[in-house]
Amino acid sequence: MTRYINALLVFLMVLSAAAVYDMKYEAEIAAENINKKQAAIAQAREDISLLKAEWALLTRPARMRDLLERHRDILDLTPMTSNHIGTLADIPAKPVVPAAVQPAERSADGSATLPPIQDQTRRVQ
C-alpha cells in the first residue's frame, strides 16, 4: 500500500513539475511579447518625433515665404487683409424654393387620372 502511495506522489510531483515548466514557458513568451510591444511603441514614438521635426522644418515661415516668392505666378496668392474677413450679415439668406407641382399622371390608355406616388424613389420613364 505504501508503495502505491509513493508511486502516486512521485507521479503527482512529476505532473506538478511539468505544470510549473509550462507556466514558466508561457510567462517567458508573454514577457517576450511585452518586450516586442514596448519596442514597437518606442519605435512609433521615435517616428512621431521625427515626423514632427520634419513638419516643423517644412512649415517654417521663411521657407513658406521663399516658396511663395518662387511660385507667385502659379499660386496667385495675396496677403490677407481685414476686408477679406466678413460677418454673418454678409452671407446671403438661403432662397426659398417653391415646391414643384407635379403634373397629373394618366393611365396608359389616357382615360383615368392616377393619384401621385407618395414615396421619393425615382421612377423610370
Report summary line: The summed charge of the residue 66 Cβ neighbourhood (under 12 Å; Lys/Arg +1, Asp/Glu -1) stands at +4
Report task. Please give the contour-minus-distance gain from residue 21 to residue 97: 0.36 nm per residue of separation, less the Cα-Cα distance, rounded to one decimal in nm. Result -> 19.5 nm
Requested in this report: Just check region 1-94 against the gyration tensor rule for me: Cα atoms, a ≥ b ≥ c as the square roots of the eigenvalues, rounded for a/c under 1.5, and otherwise prolate or oblate depending on whether a/b exceeds b/c.
Outcome: prolate
Requested in this report: Mind checking which lysines have their Cα closer than 29 Å to the Cα of residue 24? Skip sequence neighbours fewer than 8 apart in that chain.
Outcome: 36, 37
**Report entry** FRET efficiency, 1/(1 + (r/R0)^6) with R0 30 Å, evaluated for residue 28 and residue 5 via beta carbons
**Finding:** 0.30
Report task. Under 1.5 on a/c is rounded, so check that first for region 39-97, then, if it is not, pick prolate when a/b is larger than b/c and oblate when it is not; a ≥ b ≥ c are the square roots of the alpha carbon gyration tensor eigenvalues. Result -> oblate
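Each reported figure results from applying straightforward, stated rules to the coordinates on display, with no laboratory input. Remember, predicted model here, so these are calculated numbers, not experimental data. Positions of Cβ are generated from backbone atoms using ideal geometry, with glycine treated the same way; all protein chains shown enter the neighbour counts.
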